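Novice: The structure is given below, and queries will be raised subsequently.
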Amino acid sequence: MKADGFPLYFTQSFFACVSAVAGYWINQRILIRAYPFEQNVAITPSLTLGSIKSTVFNQIHLIGYETLSYSLSMVIWGIVGALFAWYLLRKGAKSASAQRVVWLCFASWVCFTAFCCLIDFGQAAWHLAAMAVLCIPTVALILCDKSLARVIRRAVSIFLCTCFLYIGIQGYLEFGNWPNRKQIRTSDSYQTITAVLDQQGYKNGYASFWNANILTELSDGAIDVWCVDTFDSDTTQSPDLFCWLQVKTHQTTHPTNQTFLVWTTEEYAFYGKENFSYLGNILYQDDAFIVFDVKQ
């Protein structure tokens, strides 16, 4: 399949990467002048040892590094890599459709990995999810090739399925136990805080990222919360606003009239009330949160 081999699919995958960069360029050079939005992370060329290590680690992390051991994650990657190498280098008849999928997956991985290593865009493990999703059915197609010994196909299938099942169960249990995890607050606390603020006439305030938007949503927009990245002594005058999920008018306006500030118990222990002269009386407190009145 010379016509449908690596060069063809590499060209297609490379074109997808170029299109993404072109979209970013259009966004930065044209759209940003026509529409009112803020830039979060700038993309810059940056081939460094750090970018390579970050890309490799994120790929390992994506298949369950936090749930599985580092060594086991490496074994999974080694098996997947060996299967791809065996299939692509094997001579003889192959399924045309399966070969196309394998070549496409391999070419996509090469291009995307190179793209991540060459360009700094604030990479995180979940950015690689699209590549991993294509990899799973591709491995299944390779294991359907009867040229591979039956005992090997069964052993690899059972091993990989067991690993992925374990990761899935752990993920399910983690999300099922989410409200009870350390440093994670339940919705009951949020609802109570929202009710207390509403009863006392507070409509504007400050909170950190994981709390600000929830309070706004639970109050159906009646409470407007400025999402603060880092609190300091100048927060009420010049807040360090978080760049995501923030109303743009917050950049030019400040809370008025009665104003509150919400901290988790961890934030309270970290910052300390004594360092913030604008903090007044405690409006609400439980095991997870403490809410202050802000002096005007």
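Novice: Go through the stretch 209-252 residue by residue and tally those that are surrounded by fewer than 18 Cβ atoms within 10 Å (Cβ to Cβ) and among the small types (G, A, S).
Specialist: Within the stretch 209-252, residues that are surrounded by fewer than 18 Cβ atoms within 10 Å (Cβ to Cβ) and among the small types (G, A, S) number 4.
Novice: State all residues of the stretch 187-230 that are touching a residue at least 60 places away in the same chain (Cβ under 8 Å), outside any helix (DSSP H, G or I) and over 16 Å from H254 (Cα atoms); if no residue qualifies, say none.
Specialist: Across the stretch 187-230, the qualifying residue is only Q200.
Novice: Can you pull out every residue in the stretch 233-245 that is within 25 Å of G280 (Cβ to Cβ) and of a type outside the set (D, E)?
Specialist: S233, T235, T236, Q237, S238, P239, L241, F242
Novice: Out of the residues in the stretch 256-291 that are among the charged types (D, E, K, R) and within 16 Å of N211 (Cα to Cα), state the one that is surrounded by the most Cβ atoms within 10 Å (Cβ to Cβ).
Specialist: Applying the filter and picking the extreme gives E267.
Novice: If you go through the stretch 226-233 one residue at a time, do you hit one that is more than 16 Å from F289 (Cβ to Cβ) and modelled with pLDDT under 85?
Specialist: Yes, the stretch 226-233 has at least one match.
Novice: Let me ask something else about it. Being over 27 Å from Y166 (Cβ atoms), assigned to a helix (DSSP H, G or I) and assigned by TED's automatic domain parsing to the domain that holds A20 is the requirement here; does L104 meet it?
Specialist: Considered against the rule, which asks whether it is over 27 Å from Y166 (Cβ atoms), assigned to a helix (DSSP H, G or I) and assigned by TED's automatic domain parsing to the domain that holds A20, L104 comes out as yes.
Novice: With the requirement that a residue be aromatic (F, W, Y), touching a helix residue (DSSP H, G or I) at 6+ places or on another chain (Cβ under 8 Å) and assigned to a loop (DSSP other than H, G, I, E, B), what does the stretch 241-284 give you?
Specialist: Hits for the stretch 241-284 are F242, W244.
The values are calculated or read from the model by the stated rules, or taken from the named source; none is laboratory data. Given the structure is predicted, the values throughout are model-derived calculations rather than measurements. Backbone-built Cβ (ideal geometry, glycine too); neighbour counts: all protein chains shown.
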